[in-house]
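The values are calculated or read from the model by the stated rules, or taken from the named source; none is laboratory data. Note that the structure is a prediction, hence the values are computed from the model and not measured. Here the Cβ positions follow ideal geometry from the backbone for every residue, glycine too, while neighbour counts run over all protein chains shown. These accessible areas exclude ligands, DNA and RNA; they are computed on the full protein's heavy atoms, side chains included. Shrake-Rupley method; radii C 1.70, N 1.55, O 1.52, S 1.80 Å.
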Amino acid sequence: MKKIVALLLALVMVACLFAGCNGEAETPATEAPATEGPDTPATDAPDVTDEPVAPAVDLKVALVTDVGTIDDESFNQATWEGVKEYCEANAVNYTYYQPSADSTDARVETIETAIGAGYNVIVMPGYLFGESVITVQDQYPDVYFIAIDVGAGDLTFDYATYYDPAPNTLCITFEEDQAGYLAGYAAVADGYRKLGFLGGMAVPAVIRYGYGFVQGANAAAEDLGVTGEVSIKYTYGGQFFGDAAITAKMDGWYADGTEVVFACGGGIYTSAVEAANNHNAKVIGVDVDQSYIDECIITSAMKGLSESVVTALTNLANGAWEGGQVQNKSLQEGDYVGLPTAAKSWRLANFTVEDYEAVKADLMSGARACSADTENAPEVAIAVDYIQ
């Protein structure tokens, strides 16, 4: 008798479960409250699970820019192109929002505006979103946050207490030092001897680019036996845009014999390009392939911004969400950093694509080492003039 009762109870529970699933599927995603997103309601999920949960509603993706725009020919644009590529290929609703001011309050307000409009995946490019991430991730647990270039050191309000990404947050960083290394190596191997590094603000990503550039230039100089001939002028502009003062400084560098400047920091490249054209000199771009901007840009130290966004969105849609962590993308994880090798972008005369691929392979395998330390300038044999 007890077995019969138990069997009847089990059948009733299974019937109720199926009824609940059917009822949920009939509710259109657009009718959900603004803060509801892709997760299955907690009442239907087990208390503890280590398995990624596939989205229960259609994805709607919004990019929130930092201080730049989606056509900044740099970071925001590359991230936006990743959003656009994935969403158009998969018929996903997408848009972008630009904060009204350069502040955490404005960024959080813009994120909440996007969520209120029904967007359940928020893509945020740049370390400036560190405070925003830890403000919103717990308030909106059913919204997915993809924070590009937001590292563990950015998830803080006071640089004393640090927070972890929540399960609904994926932070992605890059080994910019490897990209910088390849750019520095290429410049010296191509025949340049007087180099410059113009950084934007001295934030970790920019420092990694710069210190990597120094290490790569030094490695090429050692390989070629010309360490006594190679020098680098190194400075930060303290901003992510060019202006008359920075252009004047670059004019001075080029007039003094600098042959090529690695301009690293948003729109600050405009000053380097302007000055380079005044002196028939060269520039190295950053983040994306910037060769189309001006003929003086001989190569670019890139990171896979678009590719990382596409990968994150694809994994999310396939139920393989990797939230709750900071992912660091390097050559060891795939082709996430490097130089552009298309014929239209390759403006190096002596350093070939084959040479480049060999150096990159050495970095990937560990045969060449590049430090990502941002606290201490690399010890090198070439002359580096760190200018305030």
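Annotations for the structure displayed:
- Spatially close lysines, pair count over the chain: Cα under 19 Å, gap of eight or more or interchain: 13
- Sulfur and carbon atoms: percent of accessible area, the chain [1.4 Å]: 52 percent
- Calculated mean residue ellipticity at 222 nm for the chain: -12000 deg cm²/dmol, from DSSP H runs with n ≥ 4 weighted as -39500 (n - 2.57), summed, divided by the residue count and rounded to 500.
- Sequence-separation-based contact order of the chain, relative, with Cα cut under 8 Å and 6+ spacing, percent: 18 percent
- Normalised alpha carbon radius of gyration of segment 206-279 [divisor 2.2 N^0.38 Å]: 1.16
- Think of each Lys and Arg Cβ as +1 and each Asp and Glu Cβ as -1; about the Cα centre, that makes the dipole of the chain roughly 380 debye.
- The antiparallel fraction among DSSP beta bridges confined to segment 112-212 stands at about 10%.
- Highest-fluctuation residue, 273, 123, 203 considered, GNM on the chain with Cα pairs under 10 Å: 203
- Cα-Cα separations in segment 273-388 greater than 21 Å, expressed as whole percent: 56 percent
- For the options 96, 162, 336, a Gaussian network treatment of the chain with springs between C-alpha atoms closer than 10 Å singles out 162 as fluctuating the most.
- The residues of the chain expose, per residue, 45 Å² of accessible area to a 1.4 Å probe.
- Whole-percent pair-distance distribution, where bins are 10 Å wide, for the alpha carbons of segment 57-158: 16, 52, 29, 3, 0
- Note on the chain: Kirkwood radius taken over Cα pairs, Stokes-Einstein applied at 10 °C and 1.306 mPa s, translational D equal to 70 µm² s⁻¹.
- Along each principal axis, Cα extent of segment 124-181, largest first, Å: 40, 25, 16
- For segment 103-180, GluC sites (Glu not before Pro) meeting the loop criterion (DSSP other than H, G, I, E, B) and having at most 15 other Cβ atoms within 10 Å: none.
- Equivalent ellipsoid, segment 128-242 (semi-axes from 5 times Cα gyration tensor eigenvalues, Å): 37, 14, 10
- Computed over segment 161-302, the ratio Rg/Rh where both radii use C-alpha atoms and Rh is Kirkwood: 1.02
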